[in-house]
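The values are calculated or read from the model by the stated rules, or taken from the named source; none is laboratory data. All of these numbers come straight from a predicted model, not from anything done at the bench. Neighbour counts run over all protein chains shown; Cβ positions are idealised from the backbone, glycine included. When the accessible area is computed, the model is the full protein with side chains, heavy atoms only, and any ligands, DNA or RNA have been set aside. Shrake-Rupley method; radii C 1.70, N 1.55, O 1.52, S 1.80 Å.
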Amino acid sequence: MSVELEVISEHRCFDGVQRFYKHASQAIGLPMRFSVFEPPQAKQGKVPVLFYLAGLTCTEETFMIKGAAQRLAAQLGVMLVTPDTSPRGAEVPGEADHWDFGTGAGFYVDATQAPWSTHYRMESYVTDELFTIVTTQLSGDASKVGIFGHSMGGHGALVLALRHPEKYRSVSAFAPIAAPTKCPWGHKAFSGYLGEDRAIWEQHDASALMRQSQQPFPAGILVDQGLSDQFLAEQLYPEELEAACLAAGQPLTLRRHAGYDHGYYFIATFMDDHLRFHAERLT
C-alpha cells in the first residue's frame, strides 16, 4: 500500500534532483517531513540509499543545506535521505521547553512512556515506514542501504544499524553520542522516553549493544570526532565505543581530528570520506 507523498519543493542539483516531502505518517500519527537527493543514475533504475540522521534541534533540511554531500553522491550514484529529528505538533505538554528533549530531539527511539509514546516513535518511522517509502515508492534499492549521522543522529545511526542489521549494510557517524547511558543528554532523553529501567536504556546504547555483539559489521565502521568539540568530554564518550568494538572484534576506524568542533564545518570537511566509505560497501 503506497503512501501519498506531497512534494514541498524540488530543485535540480548536480544533474539529480533535491526534493523535500511531506506525508501522513502511520508510525508517528502526525504529518512528517523528509528530504531526498536522487542522483542522476536514478533515472535508469534503483540506486543505493544512504540515510542520514541529524542531531539535536535539526530538521530534514539541515544536512541537505549544510552537509556538502550532493556533488559526490551524484558522482557515486547514491541516494541521500534525511528524516526530521522528531514529530512536530504532538502537543505534548512541555515538548518545546528544552532544546535537548522533545521537539527536535526524538533520539531515534520508540518512546514507551506516556504521553511521549503516542507519537514519539522515531525508530519505527525510520527503520520501517520511511525505509519502505524510499525503497518502494522512490528509487532506493532495499538491498543496498547504509546509515550515518551526527551527534544524536550518530547515536541513532549506530543503534539502528545494530538493532536492525538485516536492513543496513554499512554504518558510520560524526561525533556520535556513543554511550548515552553515561551522559546527561542520554539520561534526560531515556528517562523521559523509556522510563527508569537502565536495562532498557542499554538496548539503545551503541556501546552497550556492541559489547553484546560479535563483529556485526565485518566490513568496518567509520567514526570521525573533532578534538575541539565542546561536547566531547561530557556527552560523547567515543572511547566507550572504541573499547566495545575491541571486545566484539568489530573493525572500527575512529579518527580524532585536532582543531575541529561539533558543527557542520567539521562534518562537511570529512563528508567525502563517509560517502566513499558507504559507496564501497553498497556498490
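Computed values, structure above
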read-out: Residue within segment 22-34 that is touching a helix residue (DSSP H, G or I) at 6+ places or on another chain (Cβ under 7 Å), farther than 25 Å from L282 by Cα, of a type in the set (S, T, N, Q) and modelled with pLDDT under 95 present; value: no
read-out: Per-region count, segment 124-171, residues part of a loop (DSSP other than H, G, I, E, B), open to solvent by 10 Å² or more (accessible area, probe 1.4 Å) and hydroxyl-bearing (S, T, Y); value: 1
read-out: Count of segment 100-123 residues which are part of a loop (DSSP other than H, G, I, E, B), over 14 Å from the mean Cα position of the chain (by Cα) and within 15 Å of F190 (Cα to Cα); value: 8
read-out: Count of segment 140-186 residues which are in contact with a His (Cβ under 7 Å, 6 or more places away or on another chain) and of a type outside the set (G, A, S); value: 6
read-out: Residues that are open to solvent by less than 10 Å² (accessible area, probe 1.4 Å) and in contact with a Pro (Cβ under 9 Å, 6 or more places away or on another chain), drawn from segment 97-107; value: G106, F107
read-out: Within segment 172-182, tally of residues that are of a type outside the set (K, R) and part of a helix (DSSP H, G or I); value: 2
read-out: Among (1) charged (D, E, K, R); (2) within 30 Å of G77 (Cα to Cα); (3) surrounded by fewer than 19 Cβ atoms within 10 Å (Cβ to Cβ), the one test that D224 misses; value: (3)
read-out: Residue tally, condition outside any strand (DSSP E or B) and more than 18 Å from G106 (Cα to Cα), over segment 13-38; value: 2
read-out: Qualifying positions in segment 42-96 - open to solvent by less than 10 Å² (accessible area, probe 1.4 Å) and closer than 12 Å to G106 by Cβ; value: L53, A54, G55, P83, D84, T85, S86, P87
read-out: Filtered residues of segment 182-216 (kept if within 22 Å of E242 (Cβ to Cβ), open to solvent by 30 Å² or more (accessible area, probe 1.4 Å) and polar (S, T, N, Q)); value: Q203, Q212, S213, Q214, Q215
read-out: Qualifying position, being assigned to a loop (DSSP other than H, G, I, E, B), out of contact with any His (no Cβ under 8 Å at 6 or more places or on another chain) and of a type in the set (A, V, I, L, M), among A219, A268, A189; value: A219
read-out: Selected residue (only one of E129, E202, E196 is closer than 26 Å to L5 by Cα and of a type in the set (D, E, K, R)); value: E129
read-out: Unique residue being of a type outside the set (S, T, N, Q), over 28 Å from F231 (Cα atoms) and assigned to a loop (DSSP other than H, G, I, E, B) when the list is E60, E4, E10; value: E4
read-out: Residues of segment 229-265 satisfying the condition of being open to solvent by 40 Å² or more (accessible area, probe 1.4 Å), touching a Cys at 6+ places or on another chain (Cβ under 7 Å) and in a helix (DSSP H, G or I); value: E234
